[in-house]
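Shown below is the structure under consideration.
The values are calculated or read from the model by the stated rules, or taken from the named source; none is laboratory data. Model, not experiment: these values are computed from the prediction. Here the Cβ positions follow ideal geometry from the backbone for every residue, glycine too, while neighbour counts run over all protein chains shown. The area values use the complete protein model at the heavy-atom level, side chains included, leaving out ligands, DNA and RNA. Shrake-Rupley method; radii C 1.70, N 1.55, O 1.52, S 1.80 Å.
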Amino acid sequence: MTFGEQPAYLRVAGDLRKKIVDGSLPPHTRLPSQARIREEYGVSDTVALEARKVLMAEGLVEGRSGSGTYVRERPVPRRVSRSGYRPSGGATPFRQEQADAAVRGTWESSSRQAEAGAAIAERLGIEIGERVMRTKYLFREAGEPMMLSTSWEPLAVTGRTPVMLPEEGPLGGMGVVERMRAIDVIVDNVTEEVGARPGLAEELHLLGGVPGHVVLVVQRTYYASGRPVETADVVIPADRYRVAYHLPVR
């Protein structure tokens with residue numbers, strides 16, 4: 001193979017991908033069998049198998065037990081709008097994660113105390129093993145799972161206060177900014193870093209994805225006078241959503 005030449009399995013996968021994208025292989029069509037790929041492209045069984053694996057990893061096809069491999073319906077990506085924290089207005093957790101006021105959503109959550117691991121301790125500026133409140137969310141839009149979030153708040157800040165449990169008490173479900181203000185902690189900054197990675201099995205199960213699907217991860221941290229008071233990982237299926245930021249010009 002000369003420099004710059006693609007391996008055979010990528011060339012086969014590329015041709016099949018083109019047929020899927022241009023509609024030659026429309027959704028719900030059965031992908032050519034391994035034997036058919038071998039014969040049509042003049043490649044080995046190993047190459048044919050690897051080409052099919054590439055398409056599955058890209059989420060273009062899916063296996064159906066006892067039936068074969070089929071082209072998946074390609075969803076039209078929708079927007080997850082983000083605009084940072086809102087200093088007033090009683091933002092709910094859903095509104096906190098999806099700033100588009102036209103979107104109506106619901107969420108499920110569960111909280112429990114935990115010890116901060118190395119990564120979370122670094123993000124919160126605390127010692128490894130310090131106690132945090134970890135809250136997991138599943139957000140739905142029109143009943144469809146759209147987003148996951150796991151947040152961590154240092155109990156050195158919220159412990160033994162009315163807002164220790166994010167979804168309970170007088171300000172349960174009101175969002176980080178409003179809850180922190182209630183205990184005289186004024187959030188004045190928020191940072192978000194966006195990355196991508198293969199979804200974990202548990203994440204894809206909750207979001208309705210298939211193994212190999214990529215997710216977007218928004219790593220968010222709220223600050224009060226430079227001190228981190230909450231950090232979260234927001235997980236969004238990349239094949240169904242795009243993250244759009246709306247930031248004010250100061």
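Name the residue that is modelled with the highest pLDDT, counting only residues in segment 169-214 that are touching a helix residue (DSSP H, G or I) at 6+ places or on another chain (Cβ under 6 Å) and hydrophobic (A, V, I, L, M, F, W, C).
The residue in question is VAL187.
Would segment 203-220 turn up any residue that is in a strand (DSSP E or B), in contact with an Asp or Glu (Cβ under 8 Å, 6 or more places away or on another chain) and without any contact (Cβ under 8 Å) to a residue 24 or more places away in the chain?
So far as segment 203-220 goes, yes, one or more of its residues are in a strand (DSSP E or B), in contact with an Asp or Glu (Cβ under 8 Å, 6 or more places away or on another chain) and without any contact (Cβ under 8 Å) to a residue 24 or more places away in the chain.
Restricting the first residue to segment 124-138 and requiring it to be basic (Lys, Arg) and modelled with pLDDT of 95 or more, which pairs with a second residue that is in a loop (DSSP other than H, G, I, E, B) and surrounded by fewer than 16 Cβ atoms within 10 Å (Cβ to Cβ) meet a Cβ separation below 9 Å and a spacing of at least six or different chains?
Hits for this filter: ARG131/GLY159.
With a cut-off of at least 2 residues that are hydrophobic (A, V, I, L, M, F, W, C) and under 24 Å from ASP239 (Cβ atoms), name the strands (runs of 3 or more DSSP E) lying wholly within segment 95-191.
Those strands (runs of 3 or more DSSP E) span 131-141, 144-154.
Also, quick follow-up: Quick one: which residue in GLU230, GLU203 is surrounded by 13 or more Cβ atoms within 10 Å (Cβ to Cβ) and farther than 21 Å from GLU122 by Cβ?
GLU203 is the lone residue from the list that is surrounded by 13 or more Cβ atoms within 10 Å (Cβ to Cβ) and farther than 21 Å from GLU122 by Cβ.
Here is a follow-up. Sort through VAL21, VAL47 and tell me the only one that's within 24 Å of PRO198 (Cβ to Cβ), open to solvent by less than 50 Å² (accessible area, probe 1.4 Å) and not assigned by the TED database to the domain that holds GLY212.
None of the others qualify; the one that does is VAL47.
Pick from LEU247, LEU206: which is closer than 20 Å to TRP107 by Cα and of a type outside the set (D, E, K, R)?
Unique residue meeting the criteria: LEU206.
What is the number of the single condition among (1) assigned to a helix (DSSP H, G or I); (2) loosely packed, with under 14 Cβ neighbours inside 10 Å; (3) of a type outside the set (A, V, I, L, M, F, W, C) that ARG197 does not meet?
The failed condition is (1).
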